[in-house]
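The values are calculated or read from the model by the stated rules, or taken from the named source; none is laboratory data. Just so it is clear, the structure is predicted and the values come from calculations on it, not from any experiment. When we count neighbours, we look across all protein chains shown, and the Cβ atoms used for this are built from the backbone with ideal geometry, even at glycine. Keep in mind that these areas ignore ligands, DNA and RNA; they rest on the heavy atoms of the full protein, side chains included. Shrake-Rupley method; radii C 1.70, N 1.55, O 1.52, S 1.80 Å.
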Amino acid sequence: MSDLLGTGVSGLLAMQQALATTSHNISNVNTDGYTRQRVELGAQPPQFNGGLYTGSGVQVESIQRVYNQFLTDQVRTATSLESQHQATHDLAVQVDNMLADPQSGLTPAMQKFFNAVQDLASSPTSSAARQVVLSQAQTLTSRFNDMFSQLDGLRSGVNTNIQSMVKEVNTLAQSIANVNQSIVNSPRGANGQLPNDLLDQRDQLINQLSQYASIRTMSQSDGTVNVFIGNGQSLVVGTKALSLSTVTDAYDPTRQQVAYVDASGNSIDISNQITGGKLGGTLDFRDNVLDPAINGLGRVAIGLEQTVNAQHKLGQDLNGNPGGDFFSIGAPQLLPNSANTGNASISAAVSDASALTTSNYVLQLNGGTYTLTRLSDGAVTNLSAQGFPGSPVQVDGVTLTLNSGAMANGDKFLLRPTHTGAQSIATAIQNTSEIAAAAPIVTGAGASNTGSASVSAGTVNSLDPNLQQPVTITFNNPPTSFNVSGPGTGSPTNVPYTSGGNIAYNGWTIQINGTPAAGDQFTVTANTDGTGDNRNALLLAGIQNQTSLDGGTSTLGDAYGSMVAGVGTRTKQAELAQSAQQSLLTQATSARDSVSGVNLDEEAANLVRYQQGYQAAAHAISVASTLFDSLLSAVGG
Amino acid sequence: MRVSTKEMQLQTVQAMLDQQAQINRTQNQLSTGRRILTPADDPSGSTQVLSLGQVIDTTNQYQRNADAATARLNIEDSTLSSAVDLLQRARELAVQGNNGTENAASRKAIATEVRQLADSMMGLANTKDSNGEYLFAGYKTQQQPFSSNGAGTYTYNGDQGQRSVQIGPTRQIATSDSGQNVFMNIPGGSGSVFSMLNKLASDMESNSPDPSSITDMDTAIKNLSGVRAAVGARLNAIDLQKNANDSAVLQYQTAQSKIQDLDYASAISQLNLQMTGLQAAQQSYIKVQGLSLFNYLR
């Protein structure tokens, strides 16, 4: 009888446990990272009585997590990649949106500037037309400056993001170490079982950490898990957490980098080892979307400044003076590495805008050889072979000159030819009369010429010191050759005449067309009072369609377009990668949850099952009680 | 396969969010009329839109330049027309003055009219355009190009510059002629238009008519008419170029619209499809979420 009672009670107790676990599962249906638990029931050892083994009820052998390590690891990997592309995409979209509206980008400002120059060509003496050119130039340079500020704002945003993400990583690492500690401190269950819910909590923390960067984990025999980041740097070792920090870039103090604080407290820059996660995505955005966009915009600014200034200087302003700089711009940045020991003072200047790339470069001295490495493709130029530092060298449109001092072995400089172009471009001329719409020379035919030849208006190619000296071309008899007289020409005689052929002296080129008569004269003189001349304005306006960049294959507009397309392509890539990773993450999560997730219908069925078991066990106790009553009444009579 | 209740719910909600994002995008396309909302939607297409936009704007600027050139050339044309009329009258007077029936008194009267014509000619040669620039001064458009010392000496103070404007990608057109070639240097003539008129007047005043004055006038008329014909040819060339520019702009706009603009019909049907999809997702969510074994447990 007592064994019947005991068996019944074992059933009651086991069913209570099972109901409690079911209810625990139901309660945690919405808990992130929760793994459903299952009560493992087993028959109690039988009793040997009178030559028979009699069953003695049920016992709870364990409460197991329904868990698959492989599926959990898959979710973690997918989480890292999804977070990475999500972060890149979220940031790239901001640049993409900035360039989205064709009415608000650089193009309209550039167009209005060149249109104003065209209008100036139609009325070169009009002070209104001159004022519009000046205003549109100022609008254009401010547009460059504004766009740089917007992009630079994103750069500061990236710095702040990196700092706050590093803090999050450190907090999570500490929490994981704390859970490791709690697990070590917890008493082991049957079969050395660890506390299920602490394991879930740790998995969840590790999963959160994987949102920030790709990590690797390694389980230890004492139940703790070690976590590694980057190139295998330990972030959690047992119950101890190490940490990341932020440091400024070795070249650029305005650039925050991710660093690892090693056991002796030194911060080591590990930015280029961080992959995956929001940190990886943010660093990827900065390297591959933001910096190229800033450089691309800067290159357009430098191209504009170089070509417009070069043409403007060949012109003559309203006061009869040679044209000055129309735009101004800062020199390429050359940033010394903070570890440099030499005292070299090196300057960089743009010498050929058409050869400029949007890449950054590293200048270094190693074992006596000066090299310049283009970071976009790793191409190395041996500067020593070109005479540097003894003489200046030109690489990709930038001329490097050692002004004083010397680089020490191992010294490095970061060369950013185009980074600050859009930031520093400004309109140099202040006064409308300084716009050089005219050319400095004027050609003429002698008043007593009798032939039918005419002279072209002439073009100015360079600022020769004798550019404006009066030169006379006199045709000989017969008029198949001519004599030239005037300072700077060397006064050559009997120069053969070809109709339409180039005649070039003192920095100008003219053509004489047609049939001259003997004694006919043509002159090139200074353009005095030629305020109605628009020849240089026409040439300035022509710069818009001139292929002045990319080795003479791109106009300024094309170069801007390729920068926009670059941003668009990277944004699209990030979007596609993000959505691909999103579905992989969904699949991985479904796979894990199909094993570990709570299904309420299943739990409802279990509830019914264990409730019935409980009711039946209770009934068995009631039967035992009835049996006992029957016996008592039989005995008591 | 087992499905966890939470995952099932999250996935259905995510599906609805995705559908909403697509609807939002289509709505944005419909409200802006643009297929390409950001460069990421079509990187190469958006670059083409930019460069086509630049070509359209530049061509429109050529039209503006052409209008300015037309205005300037029209002034030159009407000035030259008046100058030719004036020379025709001078020629009539020269013929009349050379007639043997005229006497000293009547020739004096002719001389007076010729002097007035000469003054008018000086005024025409010093004509200004709408910007206040002298038309026939070459590049020195802010200095009066023609002057006289009052004693029969006429000076041209301008130069031989000729202003051009850009009216097409590779087309420049001259919008002025130097006074040197129009009034001063008459091919085959005996000096400037002004000195010819002066000589005619002086001959009449001194009652000694010279038949060469008639040829002088003919030569001058021929030169000015020639310049006027060239101006007319330029005006025609501008018209042709303007037509070419107009059709180029139309082509560029069509190309730009093909790349950038939204196909409304397909966008609207897409929106309907997306809305149906969202409704279906919402309805199935409500139905499926209502299904639970707990509903039957009493």
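Quick notes on this one:
- Conditions (1) open to solvent by 40 Å² or more (accessible area, probe 1.4 Å); (2) modelled with pLDDT under 90; number of the one not met by B:LEU50: (1)
- Yes/no for B:ALA137 being among the hydrophobic types (A, V, I, L, M, F, W, C), surrounded by fewer than 22 Cβ atoms within 10 Å (Cβ to Cβ) and not in a helix (DSSP H, G or I): no
- Residue pairs whose Cβ atoms lie under 9 Å apart, sitting 6 or more positions apart in sequence or on different chains, and linking a residue in segment A:108-120 that is more than 10 Å from every other protein chain (Cβ to nearest Cβ) to a partner that is outside any helix (DSSP H, G or I) and open to solvent by 10 Å² or more (accessible area, probe 1.4 Å), are A:LEU120/A:SER126.
- Criterion applied to A:VAL495, A:VAL471 was being more than 14 Å from chain B (Cβ to nearest Cβ) and without any contact (Cβ under 8 Å) to a residue 40 or more places away in the chain, and the one residue passing it is A:VAL495.
- Looking only at residues of segment B:114-129 that are charged (D, E, K, R) and outside any loop (DSSP other than H, G, I, E, B), we find that the one that is nearest to the other protein chains (Cβ to nearest Cβ) is B:LYS128.
- Residue list for segment A:113-145, filter: buried (at least 16 other Cβ atoms within 10 Å of the Cβ) and over 16 Å from A:PHE327 (Cα atoms): A:ASN115, A:GLN118, A:ASP119, A:LEU120, A:ALA121, A:SER122, A:SER123, A:PRO124, A:THR125, A:SER126, A:ALA129
- Test: residue in segment A:510-520 that is under 30 Å from A:GLU305 (Cβ atoms) and open to solvent by less than 20 Å² (accessible area, probe 1.4 Å): yes
- Conditions (1) at pLDDT below 95; (2) facing chain B (nearest Cβ under 10 Å): number failed by A:ALA537: (1)
- Qualifying residue in segment A:52-67 (condition: part of a helix (DSSP H, G or I), among the basic types (Lys, Arg) and touching a residue at least 60 places away in the same chain (Cβ under 8 Å)): no
- All conditions but one from (1) within 14 Å of another protein chain (Cβ to nearest Cβ); (2) exposed (fewer than 14 other Cβ atoms within 10 Å of the Cβ); (3) in contact (Cβ under 8 Å) with a residue 60 or more places away in the chain apply to B:GLY132; the one that does not is (3).
- For the residues B:ALA94, B:ALA111, B:ALA69, B:ALA83, the requirement of being open to solvent by less than 20 Å² (accessible area, probe 1.4 Å), farther than 24 Å from A:LYS112 by Cβ, touching a Ser or Thr at 6+ places or on another chain (Cβ under 6 Å) and assigned to a helix (DSSP H, G or I) singles out B:ALA94.
- Candidates A:PHE482, A:PHE475: the one that is touching a Gly at 6+ places or on another chain (Cβ under 7 Å), modelled with pLDDT of 90 or more and of a type in the set (Phe, Trp, Tyr) is A:PHE475.
- A:PHE48 passes every criterion in (1) part of a strand (DSSP E or B); (2) closer than 22 Å to A:LEU194 by Cα apart from (2).
- Of all the numbered requirements in (1) surrounded by fewer than 22 Cβ atoms within 10 Å (Cβ to Cβ); (2) at pLDDT 95 or above; (3) among the charged types (D, E, K, R), A:LYS278 misses one, and that requirement is (1).
- Single unsatisfied condition, A:MET407 versus (1) part of a loop (DSSP other than H, G, I, E, B); (2) open to solvent by less than 10 Å² (accessible area, probe 1.4 Å); (3) closer than 18 Å to A:TYR251 by Cβ: (2)
- Some residue of segment A:157-178 being closer than 16 Å to A:VAL225 by Cα and of a type in the set (Asp, Glu): no
- Looking only at segment A:545-598, and only at residues there that are crowded, with 23+ Cβ neighbours inside 10 Å and among the β-branched types (Val, Ile, Thr), the one that is farthest from A:PHE114 (Cα to Cα): A:VAL598
- Those residues of segment B:19-43 which are part of a helix (DSSP H, G or I) and within 9 Å of chain A (Cβ to nearest Cβ), in sequence order: B:PRO39, B:ALA40, B:ASP41, B:PRO43
- Residue list for segment A:244-275, filter: open to solvent by 40 Å² or more (accessible area, probe 1.4 Å) and outside any loop (DSSP other than H, G, I, E, B): A:THR246, A:THR248, A:SER267, A:ILE268, A:ASP269, A:ASN272, A:GLN273
- Only one entry in A:VAL398, A:VAL380 is under 30 Å from the mean Cα position of the chain (by Cα), open to solvent by 30 Å² or more (accessible area, probe 1.4 Å) and among the β-branched types (Val, Ile, Thr), namely A:VAL380.
- Hits in segment B:159-168 - residues which are of a type outside the set (A, V, I, L, M) and either within 9 Å of chain A (Cβ to nearest Cβ) or surrounded by fewer than 20 Cβ atoms within 10 Å (Cβ to Cβ) (or both): B:ASP159, B:GLN160, B:GLY161, B:GLN162, B:ARG163, B:SER164, B:GLN166
- Filtering segment A:605-617 for residues that are surrounded by 15 or more Cβ atoms within 10 Å (Cβ to Cβ) and at the interface with chain B (Cβ under 7 Å from one of its Cβ atoms) leaves an empty set.
- Selected residue [among the acidic types (Asp, Glu), more than 18 Å from the chain's Cα centre (by Cα) and more than 18 Å from A:ARG416 (Cα to Cα)] from A:ASP262, A:ASP284: A:ASP262
- The residue that is nearest to the other protein chains (Cβ to nearest Cβ), counting only those in segment A:88-106 that are of a type in the set (Val, Ile, Thr) and open to solvent by less than 30 Å² (accessible area, probe 1.4 Å), is A:VAL95.
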